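In what follows, a structure is listed as structure tokens, so that the remarks can point back to it.
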């Protein structure tokens, strides 16, 4: 299954989600490869940190400059693709072969607008072909219940059309940033934390067959 994690805006948390989701799938016994198609190569960097720290299992990260669609379809098991608008050509190629596109959306109106534009790019890219499953969720959500921006962003996403909007959110937590700096998943760093609980719920919403 090819899952693309994409967004038009930088700083939406694509690499953090891809890294932790890849390790969660491995923890569930799934064969996983990832593709880092962002020029910043954050996913590649954190995978290298993981190797240097001696954490196991490693996360296999590929890059691809040509024949991307064929390469993505080559792998059995789970394929996760981290890509954004900085590499628009690769993003469109990945969308064309994706089974699912996950869109992390920070809780702000500009991010909702960017998601709306992204959905138009998806349709233009597919040019009438069947859409992959499109999934959005609020990422870096507010932790204070009195702040309404996350609820408002989720409500706005539900109005955008052919989009499955998860009620499961990932909050703005220091522990998620540490996963990148230390090359370890949220479950390795803080198994019993709120961050790990949030990510487990989020991952199960995407892969309910792996709940047990």
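The values are calculated or read from the model by the stated rules, or taken from the named source; none is laboratory data. Computed from a predicted structure; not experimentally measured. Every residue, glycine as well, gets a Cβ built from its backbone with ideal geometry; the counts of neighbours run over all protein chains shown.
The residue that is farthest from residue 18 (Cα to Cα), among those in segment 155-198 that are free of Cβ contacts under 8 Å to residues at least 24 places away in the same chain and part of a helix (DSSP H, G or I), is 155.
Considering (1) surrounded by 17 or more Cβ atoms within 10 Å (Cβ to Cβ); (2) over 16 Å from the mean Cα position of the chain (by Cα); (3) within 30 Å of residue 150 (Cα to Cα), the lone condition that residue 50 does not fulfil carries the number (3). Quick check: is even one residue across segment 111-127 in contact with a strand residue (DSSP E or B) (Cβ under 6 Å, 6 or more places away or on another chain), at pLDDT 95 or above, within 16 Å of residue 4 (Cα to Cα) and surrounded by 15 or more Cβ atoms within 10 Å (Cβ to Cβ)? Checking segment 111-127: at least one residue is in contact with a strand residue (DSSP E or B) (Cβ under 6 Å, 6 or more places away or on another chain), at pLDDT 95 or above, within 16 Å of residue 4 (Cα to Cα) and surrounded by 15 or more Cβ atoms within 10 Å (Cβ to Cβ).
Of the residues making up segment 127-154, those that are more than 19 Å from the chain's Cα centre (by Cα) and touching a residue at least 40 places away in the same chain (Cβ under 8 Å) are 149, 152.
For segment 53-82, filtered to residues that are touching a residue at least 40 places away in the same chain (Cβ under 8 Å) and within 20 Å of residue 187 (Cα to Cα), the residue that is surrounded by the fewest Cβ atoms within 10 Å (Cβ to Cβ) is 53. Take the conditions (1) surrounded by fewer than 24 Cβ atoms within 10 Å (Cβ to Cβ); (2) more than 19 Å from residue 137 (Cβ to Cβ); (3) at pLDDT 95 or above; residue 106 misses just one of them, which is (2). Scanning segment 1-21 for residues that are within 15 Å of residue 112 (Cα to Cα) and modelled with pLDDT of 95 or more yields a total of 1. Taking residue 24 and the conditions (1) in contact with a strand residue (DSSP E or B) (Cβ under 8 Å, 6 or more places away or on another chain); (2) surrounded by fewer than 24 Cβ atoms within 10 Å (Cβ to Cβ); (3) modelled with pLDDT of 95 or more, which numbered condition does it fall short on, given that it satisfies the others? Status for residue 24: all satisfied but (1).
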